[in-house]
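Structure first, then comments.
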Amino acid sequence: MNTCGIEIKGSEIILCLLSKQDGLFQIGDCRQIRHTLSNSNDSESVRKFQFMLKKLFEDYKVSQVVIRERPTKGKFAGGAVGFKIEACIQLIDTVQVTLITGVKVKETVKNNPFPVPFKATGLKMFQEGAFTTAYAALCDAP
């Protein structure tokens, strides 16, 4: 089962493809790990963004998408464009979409430390949030 971890930052999403088989984690290659919703006020831009993500999920046989949830209030609250992106992803009907809190991610990683240091994964530093989100979801999966 391929899982796509997503971290939303402003009008951008950061992706990390991860799978788990027989207790081993496999990081998948992805043609583009950052995507931006350029004009969130234009419904055509939102449709194109959603279509592009749906196609990416199909191409990489992603069955589960896990989004790191952002607070709605307070210092680290998500913005309107971020919530629009989140809804756009949740409406893709070919994948199962789940939200996971930052607290849950930290708790899971604390109880299930990474098998290798993050720097040894070969991922970009900005992908760490997306990676830990996917990792936490797969650790909790049966």
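The numbers here are math on the coordinates, done by the rules we state, and not lab data. Note that this is a predicted model, so its numbers are computed, not measured. Don't worry about glycine lacking a Cβ; one is built from the backbone with ideal geometry, like all the others, and counts go over all protein chains shown.
Using Cβ counts within 10 Å as a stand-in for footprinting exposure, how do I85, I8 rank, fewest first? Kindly include the intermediate steps, with their values, before the conclusion.
Details: I85 28, I8 24.
Placing the least packed residue first, the sequence is I8, I85.
Can you tell me which lysines have their Cα less than 28 Å from the Cα of K124? Leave out same-chain residues fewer than eight positions away. List returned: K9, K20, K48, K54, K55, K61, K75, K84, K104, K106, K110. Computed as a quarter of the hull surface, the mean projected area of the alpha carbon convex hull for the chain stands at 8.5 nm².
Would you please name the trypsin sites (Lys or Arg not before Pro) within the stretch 27-65 that are DSSP coil residues with at most 13 other C-beta atoms within 10 Å of their C-beta? Listed in order of number, the matching sites are R31, K61. In a reduced charge model with +1 at each Lys and Arg Cβ and -1 at each Asp and Glu Cβ, the chain shows a dipole moment near 360 debye about its Cα centre. When both bridge partners sit in the stretch 2-140, DSSP labels roughly 60% of those beta bridges antiparallel. Exposure proxy ranking for L138, L123, based on other Cβ atoms within 10 angstrom of each Cβ and starting from the fewest, stands as L123, L138.
Taken along the Cα-to-beta-carbon direction at a fixed 7 Å, the label points for D22 and D42 span 4.9 nm.
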